[in-house]
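Have a look at the structure below, then the notes.
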Amino acid sequence: MKKLNKIKDLKLMANTLRQQVIKMTYEAGSGHPGGSLGMADVFTALYFNYANLDPKKPNWENRDRIILSNGHICPIQYSAMAEAGFFPVKELLTFRKIGSRLQGHPHNKSLPGIENSSGQLGQGLSIACGMALARNLDRKKYRVFCLMSDGEHDEGETWEAILFAAKNKLKIVSLIDRNGIQLSGFTEKIMPLKSLAEKYDAFGWKTIDIDGNDIGKILEALRDAEKISGPVAIICQTMMGRGVSFMQDNYEWHGKAPNREEADRALRELEVWRREIERE
Ligand SMILES: Cc1ncc(C[n+]2csc(CCOP(=O)(O)OP(=O)(O)O)c2C)c(N)n1
Ligand SMILES: [Mg+2]
């Protein structure tokens, strides 16, 4: 597993993953680029620095568990997995094609390294609770990371799992994509969530609020979370579409593929950003 330790190398990797997201969704003619681009930095921090994983042994029993709850942003998880060596990078272009292992929503029986099937929002934290309980019973040490979205906090099951994790003092670190958007609009208009930190705090969790597009801050938060006993929510303030000007903070890009012209423009912009990172 290639671990990247320099922030600059991690930023370059996040840029590579963003470019893959554009290529995959363009090629498929469908998919969810917006949330995928927004969470590129979190996925990079986990897959290329923080999590203990072995792409050659995806079922290794002591691996850290990465549960993706908001499965529609799987283009970014597939990109991270391919670049980390779980499967060939060229397979990314089969995304959403019939017979592909890379379904539009992840299927854990199809692709080794995918811990849970998802797409039906609101279930990931319950799965993470089950895994954390099993780990405790088995006296194992692996870590459980749960990636969730803000829109999933409209689901009752999410709050049941939040209560359950607090009651059982389960060591789970959840990373929440707080992009302020849910499919067809802004969360604060559709179903206001206001301060997620205050809500989690009231439910007995510890919380850390960060800029979710800053890899240094993400790594710092993960290290801080590790020192805390019980469940921790890292609220990642991200921007939907981060890195592509016309997708940024624009809910129209929740679940729409770029056409040829848009994909070319997006890739050009990401290349400009890449050169800026190289000069740092
Ligand atoms: C149980 C369930 N209800 C509804 C949907 C349809 N749906 C897919 S994505 C989405 C928006 C969820 O918000 P969020 O995950 O924050 O979206 P993003 O930030 O990526 O736009 C909805 C309602 C679903 N997949 N599952
Ligand atoms: Mg959202």
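The values are calculated or read from the model by the stated rules, or taken from the named source; none is laboratory data. Treat the numbers as computed from the prediction; the structure is a model and nothing was measured. Glycine also receives a Cβ, built like all others from the backbone with ideal geometry; neighbour counts cover every protein chain displayed.
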| remark: Listed by first then second residue, the pairs whose first member lies in the stretch 96-115 and is in contact (Cβ under 8 Å) with a residue 24 or more places away in the chain and within 16 Å of ligand 1 (Cβ to nearest atom), whose partner is assigned to a loop (DSSP other than H, G, I, E, B) and among the β-branched types (Val, Ile, Thr), with beta carbons under 7 Å and at least 6 positions apart or on separate chains, are 106/114
| message | Any residue at all in the stretch 199-212 that's within 16 Å of ligand 1 (Cβ to nearest atom), crowded, with 21+ Cβ neighbours inside 10 Å and closer than 28 Å to residue 95 by Cα? | response | yes
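Out of 86, 43, which single residue is within 16 Å of ligand 2 (Cβ to nearest atom) and either out of contact with any Gly (no Cβ under 9 Å at 6 or more places or on another chain) or more than 21 Å from residue 175 (Cα to Cα) (or both)? Walk me through it before giving the result.
On the way: 86 fails: within 16 Å of ligand 2 (Cβ to nearest atom).
Answer to the selection: 43.
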| remark: Residue pairs qualifying under the 7 Å Cβ cut-off, at least six apart or on distinct chains, with the first in the stretch 175-197 being polar (S, T, N, Q) and the second being assigned to a helix (DSSP H, G or I) and within 11 Å of ligand 2 (Cβ to nearest atom), are 179/35; 179/38; 182/151; 182/190; 184/251; 187/151
| request: Please work out if residue 163 is more than 9 Å from ligand 1 (Cβ to nearest atom) and out of contact with any Pro (no Cβ under 7 Å at 6 or more places or on another chain). | output: yes
| task | Tally the residues that are of a type in the set (S, T, N, Q) and either surrounded by fewer than 24 Cβ atoms within 10 Å (Cβ to Cβ) or away from ligand 2 (no atom under 16 Å from the Cβ) (or both), restricting the search to the stretch 58-69. | result | 2
| query | Condition test on residue 115, is it within 20 Å of residue 64 (Cβ to Cβ) and charged (D, E, K, R)? | reply | yes
| query | Filter the stretch 170-188 for residues that are within 15 Å of residue 200 (Cβ to Cβ) and of a type outside the set (Lys, Arg); which is nearest to ligand 1 (Cβ to nearest atom)? | reply | 177
| message | Can you tell me how many residues within the stretch 110-166 are within 16 Å of ligand 2 (Cβ to nearest atom) and either within 18 Å of residue 58 (Cβ to Cβ) or of a type in the set (Ser, Thr, Tyr) (or both)? | response | 4
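Condition check: farther than 19 Å from residue 39 by Cβ and in contact (Cβ under 8 Å) with a residue 60 or more places away in the chain. Does residue 170 satisfy that?
On the way: farther than 19 Å from residue 39 by Cβ: yes; in contact (Cβ under 8 Å) with a residue 60 or more places away in the chain: yes.
Taking the combined requirement at face value, the residue satisfies it.
Is it the case, given these coordinates, that residue 124 is within 15 Å of ligand 1 (Cβ to nearest atom), under 14 Å from residue 149 (Cβ atoms) and buried (at least 17 other Cβ atoms within 10 Å of the Cβ)?
Values: within 15 Å of ligand 1 (Cβ to nearest atom): yes; under 14 Å from residue 149 (Cβ atoms): yes; buried (at least 17 other Cβ atoms within 10 Å of the Cβ): yes.
Taking the combined requirement at face value, the residue satisfies it.
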| What is the number of the single condition among (1) closer than 30 Å to residue 23 by Cα; (2) buried (at least 17 other Cβ atoms within 10 Å of the Cβ); (3) not hydroxyl-bearing (Ser, Thr, Tyr) that residue 186 does not meet? | (2)
| message | Given the criteria within 16 Å of ligand 1 (Cβ to nearest atom), of a type in the set (Val, Ile, Thr) and surrounded by fewer than 23 Cβ atoms within 10 Å (Cβ to Cβ), does residue 228 qualify? | response | no
| field | First in the stretch 254-280 and farther than 16 Å from residue 16 by Cα and surrounded by 12 or more Cβ atoms within 10 Å (Cβ to Cβ), second anywhere and at pLDDT 95 or above and among the polar types (S, T, N, Q), Cβ under 9 Å, 6 or more apart | value | 254/182; 254/184; 255/30; 256/25; 256/30; 257/25; 257/30; 258/25
